[in-house]
1. From the set of residues in segment B:208-259 that are at pLDDT below 55 and hydroxyl-bearing (Ser, Thr, Tyr), which is nearest to residue A:471 (Cα to Cα)?
2. Tell me which residues, restricted to segment A:338-371, are more than 24 Å from residue B:151 (Cβ to Cβ) and either aliphatic (A, V, I, L, M) or at pLDDT 90 or above (or both).
3. Step by step: first the residues of segment B:132-162, then only those that are more than 12 Å from chain A (Cβ to nearest Cβ) and of a type in the set (S, T, N, Q), then the one that is nearest to residue A:350 (Cα to Cα). Which residue is that?
4. Which one is nearest to residue A:85 (Cα to Cα), of the residues in segment A:133-160 that are under 34 Å from the mean Cα position of the chain (by Cα) and touching a residue at least 40 places away in the same chain (Cβ under 8 Å)?
5. Name the pairs whose Cβ atoms lie under 6 Å apart, with the first residue in segment A:94-117 and among the hydroxyl-bearing types (Ser, Thr, Tyr), the second surrounded by 13 or more Cβ atoms within 10 Å (Cβ to Cβ), and 6 or more positions between them or separate chains?
6. Just to be sure before I move on: is residue A:127 farther than 30 Å from residue A:53 by Cβ and not in a loop (DSSP other than H, G, I, E, B) in the structure I sent?
7. Under the condition of being surrounded by fewer than 24 Cβ atoms within 10 Å (Cβ to Cβ) and not basic (Lys, Arg), which residue from segment B:163-177 is farthest from the other protein chains (Cβ to nearest Cβ)?
Amino acid sequence: GNGTLSLTPTAAQAATVSSIQVEGNRRIESSTIISYVTVIPGRNFGARDLNESLQSLFATGLFADVSLERRGNVLLVQVVENPVVRQVVFEGNRRIDDSALSTVVQLEPRRVLTESAVQSDTQRILEAYRRNGRFAARVEPKLIEVGDNRVDLVYEIEEDERSGVSRITFIGNQAFSDGKLRDTITTEQSGLLSFLSSADVYDPDRLDADRERLRRFYLSEGYADFRVVSAVAELDREQNVFFITFTVDEGPRYQFGNVEIDSTLRELDPEDLYSVLETRPGDTYDATAVDRSIEALTIEVSSYGYAFVQVRPRGDRNAADNTIDLTYFVDEGVRAYVERIDISGNTRTRDYVIRREFDFAEGDAFNRVLVDRAQRRLEALGFFERVRITTSQGSASDRIVLNVQVVEQSTGDFSFGVGYSTTSGVTLELSVTERNFLGRGQYVRAAVGGGLDENRTFDFSFTEPYFLGRRLAAGFDLYRRESGDSDDNAYTTIATGGALRIVAPITNDLNFGLSYGLDVSEYDLDAGSSASRAVLQLVGAPDFTTPTAANYSNERVTSSLTWTLVYDTIDNRTTPRDGYFARLRQTVAGLGGDAEYVQTTLDARAFRTLSTDLDLVASVRVQAGNVWSWDEDGLLIVDGFFKGADLVRGFDSLGPRDANTLDALGGTTYAGISGELNFALPYITEAIGIRGAVFADAGTLFDPVGSVDNIAGLTVNDDNSIRASVGASLIWNSPFGPLRADYAHVLASETYDREEAFRFSAGARF
Amino acid sequence: CASTEADDFADFVDDTRPPAVMFNEALATMERGDYRAAAEQFDELEQVHPYSEYAKRSLVLGAFSHFSSGRYPEAVNAGRRYVTLHPSGEDAAYAQFIVAQSYYNQIPDVNRDQEQTARAINAFRDLIRRYPDSEYVGPAQEQIRFANDQLAGSEMRVGRYYLDRRNYVASINRFRVVIEEYQTTRHVEEALHRVVENYMSMGVVDEAQTAAAVLGHNFPDSEWYQRSYRLLQSGGLEPQENSGSWISRAFAGFTGQGS
Amino acid sequence: CNTTEVRNHGFIMPDSGLEQVPVGSSKNQVLIVLGTPQTTATLDNEVFYYISQRSEQTFAFSRPEITDQRVLAVYFDENELVARIADYGLQDGVIFDFVSETTPTGGADLTFIGQILGGLGSAPTSVF
């Protein structure tokens, strides 16, 4: 609207009017309009007053046009009111439905329609389509008069197909294959299953983020001079797809030359600071190692009392031998204190759940490194979509206020899991998880599961990550598991129990767990079934006649204490490429209850990337376990280990067996070693992301539990011989989770072991 | 394919009944207590007859109906629209009160972001500033006091958090915010006692005494003053009262009080 | 490997800071040398307190324990000159349990149902 200011020329200097009249208003009372006019009848006013009145009337957004005119001694205010929206209609939209669009736009029925509001709503609709991947969508707003200064607002929308990404190519990369680089970025090529994920849709913001990911990847692999020369996305109009080309300049691969610490702090001997550095001369240059060293140095130096320390690295390249000499400058930074930590945006999470992630308190020295550390910790909680920590000036020059703004995300998951493995068939699981229960940062999970053969599981678990205000994750689990009689064991088990557990981090890779478990299991064998004598012993049958004359049932209580030590530096859970995982666990059963034994198990794995170009990863796994009891009948068949493909692939079940009924009897001791080479399958499966693997396993399980051994009339096949196999697997990281198919050729086995060449399973086991 | 919505807006039939009939129907629905339906009927009247005198009344009654059916965002929108369209209307103060009260009813507990509390206070202050002689000024002042009490409560919560961890500087300064800026709230007594506890823990006994003296002078018979007095007398030797067995502390650990 | 992490909270004494603010020096001098006080006297702001603490955390899970604590109290006379400086150490601190009662506060607490419904509303259904 353009206000017109028509004043007779003579009124340039001060003038007065005796009254103000309003014309053209229908819905808005004259008194309201006059209240916005700064001219007071009988008092002088100038052009400035008129201008101000004009501004304030327009600011209300109620008027399409306003004009002020002096007629004699009357100030005439003529207004044209903006129309009122009767309804907002979207036409031609299929991909995004009406209700979704109406939440995006601000103009809604009964609102006053203004030019600017229509423009910004049109932009909002276009933005919604952009985020949905449709860059070629067009939106045309139309106004239809419906009388009484009311108007219908119709948005005519022309959508068109999603602009997918058909090919991503890299130019200038020698060190790493296109496939490897595609893995490091998030934009994907449209492939067979692209309808499942939206990552294959062209999105410029994601492309910028990918440039940064590429840079960070190269900088951590020694390419200090790496540059993304260009990232170009050309739209092919006919097929409506994008071709994305990254042109990169890798530059040489650097190693660390000599590494020095140059400190201006007096009573500090740099010599004893070198131990915290992660950048050793001769290592391949790695920017993330430099960042970690800066953090470690800052924390180490501030522990000597220099809280305001500032560590700045400088790298000098020497082109001759492609090394970078690194110098860490350690000096006193600005002396500023944190005055307040103000947390906002936490409409669900409680204040202390956020505040406790800060290692410093209000009134402490301001240290950038500790702020970044808190930021990383908050992001790792998984409660927030975004965490932004900004600083602003406090009440004094040396005081800083930290503003922690969080945007929460839904931390509740309702997931439906389908698992399949040839050993236990199809299993279904329904689970509800809440990771930020009642905003207290507590984890709650309830799950119900079932299989085809009457397997039923009910699980509930709760964890408080900061028990007693310390970094102690304490919690409890409750479960009830019914497993029906399947081909290899004729009895049914109903196990009900729970555990109290507490986990304490020793360092950030090593943690120690302690838990008390109570399990009440009932073993039932129906009348008329035939089973191994060991099973008859389990269910408390008086004699060993089979088929059994009556139903037998035996209830057994196991009350045990377990400690666990877990060391875990695995880089990525679904496709590990580097790092170690080791779990040592010991359970002592016998604090009351029937079972009495000490069970110790070890599971250790190591992963190493042999060649980043071929994406070839070697891994070794060592397993061992033993259960021992100080009292012969403290152990029953169920306390032994039952091993199969999880020890040596190619076996359904191996180890001690009842010679006549061929039931597996379990063993008190097992050991196994397995090596695997796992690689990305190039070309054909590039789009879907299938990996191949070759492996060799060896292992043994022997010596059934004592009470089974001395059952009269039970002939046991048992040798502590090595079973071995070699084989190949296909691993697919499908959107449904990791799926794996193994084919194993058995090299050595006992005649009574039960082999199984092919095995298919879903879900990563860690 | 021709979109089925082409004539969508044509079938929007204007409710041809005169505004008076629609208004009475909506009024009756509201009196029956069916606030959600009444809100919709008032909105529809305003949509069809925006220029009728009834539109003004139905805007404020619509706001009230949304408010009573707990739909606070809608109540705020309706209330705000009334105040901008009819700033000097006779129901303007009431509409502003509905806006403020809608924010007030969404105030979360002290552990969480007090943004709604701040919005409620500003809305009540607008009411007092714009309509100084309206009958809602009294209740508005009352609600401001409660809302301030909530803001003070959130400062207290952080103060106790730092006291538990013995970050005395952080704790003292948080309680001083309550003492200096929220003197009219109920928390000021406890805040003073916490300052005494802080200084006693650091051994700065004379500062603890001044804080206790301020507490005793202003709130002679408050139980917080008793506690400060006992702490000073005993020099803190025998514990105030033991905070329960290890189990109760552990339980508190679970419910988050312990941290 | 030494897992202890040492942290310094509160005021950090600049080198030879104390020598530069002898009795008789002005309040501005104190402000320049020692900086803004961590907190001041409750009544009339006539005392500057500089509080520093050193805590050690042996393991990642253990609670940091205060191993050293200094409270520097700078008293001013009526014409704002340093009258005396008191220095309280860790040993002056008095050990007692803090009062566990708190002043009740209102506001809608997040109920279990509210959270679950709220949480579920926008929960992504991820297929295992």
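1. B:259
2. A:360, A:364, A:365, A:366, A:369, A:370, A:371
3. B:150
4. Among residues in segment A:133-160 that are under 34 Å from the mean Cα position of the chain (by Cα) and touching a residue at least 40 places away in the same chain (Cβ under 8 Å), the one nearest to residue A:85 (Cα to Cα) is A:159.
5. A:114/A:61; A:114/A:82
6. yes
7. Out of the qualifying residues, it is B:177.
Conditions tested, residue by residue: (1) loosely packed, with under 15 Cβ neighbours inside 10 Å; (2) assigned to a strand (DSSP E or B); (3) in contact with a helix residue (DSSP H, G or I) (Cβ under 8 Å, 6 or more places away or on another chain); (4) basic (Lys, Arg).
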| site | (1), (2), (3), (4) |
| --- | --- |
| A:607 | no, yes, no, no |
| A:614 | yes, no, no, no |
| A:619 | no, yes, no, no |
| A:626 | no, yes, no, no |
| A:647 | no, no, no, no |
| A:678 | no, yes, no, no |
| A:691 | no, yes, no, yes |
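The values are calculated or read from the model by the stated rules, or taken from the named source; none is laboratory data. Here the structure is a predicted model, which means the values were calculated and not measured. Glycine gets a Cβ as well: all are built from the backbone with ideal geometry, and neighbour counts include every protein chain shown.
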